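To keep things clear, I will list the structure first and then write my remarks on it.
The values are calculated or read from the model by the stated rules, or taken from the named source; none is laboratory data. All of these numbers come straight from a predicted model, not from anything done at the bench. All Cβ positions, even for glycine, are placed from backbone atoms using ideal geometry, and neighbour counts span all protein chains on display. For accessibility, only protein heavy atoms count, side chains too; no ligands or nucleic acids. Shrake-Rupley method; radii C 1.70, N 1.55, O 1.52, S 1.80 Å.
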Amino acid sequence: MHRNLKGIGIVLLFTIMLVSPKAVFTGASEGLLLWFQIILPTLFPFLLITNLLLATGNMHLIGAAFGTILTRLFRVSPNGSFAVVTGFLCGYPMGAKTAADLASSGYISKEEGRYLLSFCNNSSPVFILNYVVWKTLGDDTLLVPTLVILMLSPVLVSFFTRRLLLSQKQDTFLNLKETGFAKKTWSFQDIDDCIMDSFETLVKVGGYIILFSVLLSLFEALPFTIPALSVFLPLLEVTNGLVLLREMRLPLKVLYPAVLGLTSFGGFCAAAQTQCMVQKAGFPILPYLTQKLAAALTASLLGSFYLLFF
């Protein structure tokens, strides 16, 4: 029965696409431009460098710089601190990919990998400043509070998820592959492999962005209006979703918490990208979704409190 429902849904979507070629073309074009102009130049350098650090065994350099603070704050291993750095600084889906790669390669335990996934897969500071604050909100006075709230929300969530996902003792961090020494020899073949892995990741990310952009365009092209869609549509993809929220002309006391919540959640497109990145490590996606929703709720509440008291 479940399989038949999936099949009916795909056939229905195919039929809608056939009768709405203009909406499909518009959505695909917008998704492709978003991927080519923003995602590709922003994400590729970070993907390549993180892959090279993993391939050459040089992650210990990141751990040496940030490991002491991050291991105490988040109760992660020195190897796991690498995923924290990429997850908070590099944007979706870098944190998820790094945690999955570390777990699959034996640098961290599966348990720690699932814990890292619960809080270290977030929007990058560059995206927050450029797109959320300047383009969507258009208010420089909200720059610092927005950045602080969106960085703080997953941190607060981590204080709860560690109780659920980590054992009381840190013995899960022992007997794992060490990264104290870099590979003595590595060649251009390593670089080639890292480049190909980076582009494979980018193609998958781009495919999901185009798919969700097409879905969004099809919903907007419907000849009738469904009130619930105005709430649901921004959740499909965060970049286009922020544009929809801005176009609603909501008062700031409603717009600001909504923008913070959507940015923290990342949208279902980011969730699909995350699923694609972590399936090789066997991480379940449903707990991740609940954890992102918890972070989104936290961000929205903090945003409301900020507007109320400051």
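What the table shows:
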{"read-out": "Within the stretch 204-270, helices (runs of 4 or more DSSP H) holding 1 or more residues that are at pLDDT 95 or above and out of contact with any Asp or Glu (no Cβ under 6 Å at 6 or more places or on another chain)", "value": "252-265"}
{"read-out": "Unmet requirement for SER123, which otherwise passes all of (1) farther than 14 Å from GLY80 by Cβ; (2) of a type in the set (Ser, Thr, Tyr); (3) in a helix (DSSP H, G or I)", "value": "(3)"}
{"read-out": "Pairs where the first residue, in the stretch 76-91, is within 18 Å of LEU52 (Cβ to Cβ) and the second is in a loop (DSSP other than H, G, I, E, B) and among the acidic types (Asp, Glu), C-beta under 9 Å, 6+ apart", "value": "ASN79/GLU178"}
{"read-out": "Those residues of the stretch 138-158 which are part of a helix (DSSP H, G or I) and open to solvent by 30 Å² or more (accessible area, probe 1.4 Å), in sequence order", "value": "ASP140, THR141, LEU143, VAL144, LEU147, VAL148, MET151, LEU152, LEU156"}
{"read-out": "Residues of the stretch 179-203 classified as among the β-branched types (Val, Ile, Thr) and either modelled with pLDDT under 90 or in contact with a strand residue (DSSP E or B) (Cβ under 7 Å, 6 or more places away or on another chain) (or both), total", "value": "3"}
{"read-out": "Near pairs, Cβ below 6 angstrom, 6+ apart or cross-chain, from the stretch 221-232 (under 14 Å from VAL19 (Cβ atoms)) to any residue that is assigned to a helix (DSSP H, G or I) and open to solvent by less than 70 Å² (accessible area, probe 1.4 Å)", "value": "ALA221/ALA23"}
{"read-out": "Long-range neighbours under 7 Å by Cβ, at least six apart or interchain, first residue on the phi > 0 side of the Ramachandran plot within the stretch 255-282, second modelled with pLDDT of 95 or more and open to solvent by less than 10 Å² (accessible area, probe 1.4 Å)", "value": "GLY266/LYS292"}
{"read-out": "Test: residue in the stretch 22-41 that is within 21 Å of ASP193 (Cβ to Cβ) and within 20 Å of the chain's Cα centre (by Cα)", "value": "yes"}
{"read-out": "LEU293 modelled with pLDDT under 95, within 20 Å of the chain's Cα centre (by Cα) and assigned to a helix (DSSP H, G or I)", "value": "no"}
{"read-out": "Which numbered condition GLY113 fails, given (1) open to solvent by less than 20 Å² (accessible area, probe 1.4 Å); (2) under 22 Å from GLU237 (Cβ atoms)", "value": "(2)"}
{"read-out": "Inter-residue pairs, beta-carbon under 7 Å, first on the phi > 0 side of the Ramachandran plot and free of Cβ contacts under 8 Å to residues at least 12 places away in the same chain and in the stretch 114-128, second of a type in the set (Lys, Arg) and open to solvent by 10 Å² or more (accessible area, probe 1.4 Å), 6+ apart", "value": "none"}
{"read-out": "Residue ranges of helices (runs of 4 or more DSSP H) in the stretch 1-96 with at least 1 members among the acidic types (Asp, Glu), out of contact with any Pro (no Cβ under 6 Å at 6 or more places or on another chain) and open to solvent by 30 Å² or more (accessible area, probe 1.4 Å)", "value": "21-34"}
